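Here's the structure, in structure tokens; my notes come after.
Nothing in this text is a laboratory measurement; each read-out follows from the coordinates by a stated rule. Keep in mind it's a predicted model, so treat the numbers as computed, not measured. Ideal geometry is used to build each Cβ from the backbone, glycine not excepted, and the neighbour counts take in all protein chains shown.
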Amino acid sequence: MKLPSRVINDADPSALSIEQALLRIREALPRLTDVQCIDCVDAAGRTCASDIHSPMSVPPFRASAMDGYAVRVADCQQTLKLDGESMAGHPGSDRLEVGSCQRITTGARVPDDADAVVQQENTECSEDGVTVRVMPEPGLHIRNPGSDSRKGDLLISSGTRLGPSQLALLAAHGISRVDVYRKLVVALLSTGDELRKPGNALEAGQIYDANRPLLQAMLRDDAVDVIDLGICKDSVTALKQRLSAAQDADLVISSGGVSVGDADHVRQVLESHGQINFWKIAMKPGRPLTFGLSGPEQAYFGLPGNPVSAALTTLLFVLPAIRHMQGRSLALPPALNLPLMDELHKNPGRVEYQRAVMQQDSTGTWSVGTTGLQDSHVLTSLHKANCLIELETDSRGASVGDHVLVYPFTHFAEPLL
Ligand code: AMP
Ligand code: MG
């Protein structure tokens, strides 16, 4: 007889769901208001701080989309007399005599009298002139003025991150300077008497500080300046000292010291400096996440000390919060739904994120499997992962072949374009 497996309910009534926590973060976070007008060359990765309307129509003139001949469609049954040329940047005559054509290149202005461009491959050239082999429809291969955008159109709204495509769009409209929010200043520290900086020898009971390198890399962003406040001892005085060194920061992020142990002082210090908003999330890993204000305009995240918990709470809460402070949207990334290759176990009571690898088999089909041991100190299984599997609060695990929600790590990154 199969014995029922022992199920531990992991629920904590005082813990918030991820959605509730994100809502509270959004309500409490101070947002940047300082705006700078900077050269577009320096604006990659910054957040646009005003609505930008098109100052001109693009393309600004009727332009050819092909190399070939500008023609009057009605004339194309006869051999056409070659009457001049229009090259990109060197427009030819506006006029086109009846029964003639103009040699044209891609991007060149189409003469007003022409109503189509015939691509070179569909023509034959001889001493008598140009013969059209494939009859064009009116408008063929002509880019009309304003077909990309019209003067006065909203091009980019305030709150949009300026990536490569946005900067190309501004340039195509002749815009060379742009209003952006100033960079967000983030102060970073690790707490723990046991922590040593890599490069130094460990003494008994010590471990290396993995969280600052983790967070420094995760926070790398063209719109963020990081102040490194180093490693802080487990004492209220030491923590207060670090906080006073962080007065210029918009956001302070510490890791460790947020549980209920004797050396966990973050909560107490935050309460005395500002206000605590919440400190428990119904998720695994990462339950003891502290969020609050450490000054009137300064937000504070106290991340759990275990590196995997610190990484996941940064992905799910800190990075969205940073985007929100910068004037952008706080939305979570899109998820995929993939079949599972391994059996997964879980206790009900909190939503769980398991480190996983999504991969494609020889037939091109995608599936997802676990990276193994899921304890929150196990960095090797984070290193091997390329995605997270989300198992919902009431789930007791999943079986091979089940479809599960998958968040590829790349989806958390800023879009390339
Ligand atoms: P704490 O939240 O301070 O109780 O820490 C939880 C666990 O994470 C302990 O095992 C700590 O030693 C470990 N830990 C805390 N901070 C770090 C860090 N910066 N790098 C690596 N491990 C850490
Ligand atoms: Mg600690």
**Asked** By how many nm would the segment from S244 to D402 grow when fully extended, if each residue of separation counts as 0.36 nm and the alpha-carbon distance is taken off?
**Response** 51.8 nm
**Item:** Rounded FRET efficiency, nearest 0.05, which uses the C-beta distance separating S157 from T131 and R0 of 56 Å
**Value:** 0.65
**Prompt:** What trypsin sites (Lys or Arg not before Pro) does segment 37-105 have in DSSP loop regions with at most 14 other beta carbons within 10 Å?
**Reply:** R95
**Asked** Let a ≥ b ≥ c be the square roots of the eigenvalues of the Cα gyration tensor of segment 190-324; is it rounded (a/c under 1.5), or, if not, prolate (a/b larger than b/c) or oblate?
**Response** rounded
**Asked** Which residues make up the longest stretch of the chain that has no GluC sites (Glu not before Pro) in a DSSP loop with at most 14 other Cβ atoms within 10 Å?
**Response** 1-126
**Asked** Label D148 and I227 with points 7 Å out from Cα along Cα→Cβ: what is the distance between them in nm?
**Response** 4.3 nm
**Asked** Running Debye on segment 129-264 with equal point scatterers at the Cα sites and no solvent, what base-10 log of I(q)/I(0) appears at q = 0.13 Å⁻¹?
**Response** -0.75
**Message:** Could you tell me how far the Cα centroid of segment 306-333 sits from the Cα centroid of segment 80-125, in Å?
**Reply:** 55 Å
**Asked** Once the Cβ-Cβ distance between A28 and D262 is put in as r, and R0 is 35 Å, what FRET efficiency do you end up with, to the nearest 0.05?
**Response** 0.75
**Cross-link reach list, lysines versus K81, counting only Cα pairs under 27 Å and skipping chain neighbours closer than eight places** = none
**Prompt:** Points 7 angstrom from Cα along the Cβ direction at E203 and L336: gap in nanometres?
**Reply:** 4.8 nm
**Fill in**
Shape descriptors of segment 261-417 over alpha-carbon atoms, Rg and Dmax in angstrom, are 17.2, 59
**Complete:** One finds the C-alpha centres of segment 344-407 and segment 163-198 to be spaced, in Å, by 31 Å
**Request:** Rank P348, P13, P339 by mean-square fluctuation in a GNM of the chain with C-alpha springs under 10 angstrom and give only the top-ranked residue.
**Result:** P13
**Message:** Suppose each label sits 7 Å from its Cα in the direction of the beta carbon; what would the D375-E124 distance come out to in nanometres?
**Reply:** 8.1 nm
**Asked** Straight-line reach from K233: which lysines have a Cα under 26 Å away, not including same-chain ones fewer than 8 places off?
**Response** K197, K280
**Message:** So if each residue of separation counts as 0.36 nm, and I subtract the Cα-Cα distance between V41 and L82, what length gain in nm does that give?
**Reply:** 10.4 nm
**Request:** Run through every distinct alpha carbon pair of segment 35-161 and return the Kirkwood hydrodynamic radius in angstroms, one decimal place.
**Result:** 16.4 Å
**Request:** For the chain, count the residues as N, evaluate 2.2 N^0.38 Å, and divide the Cα radius of gyration by that value, please.
**Result:** 1.39
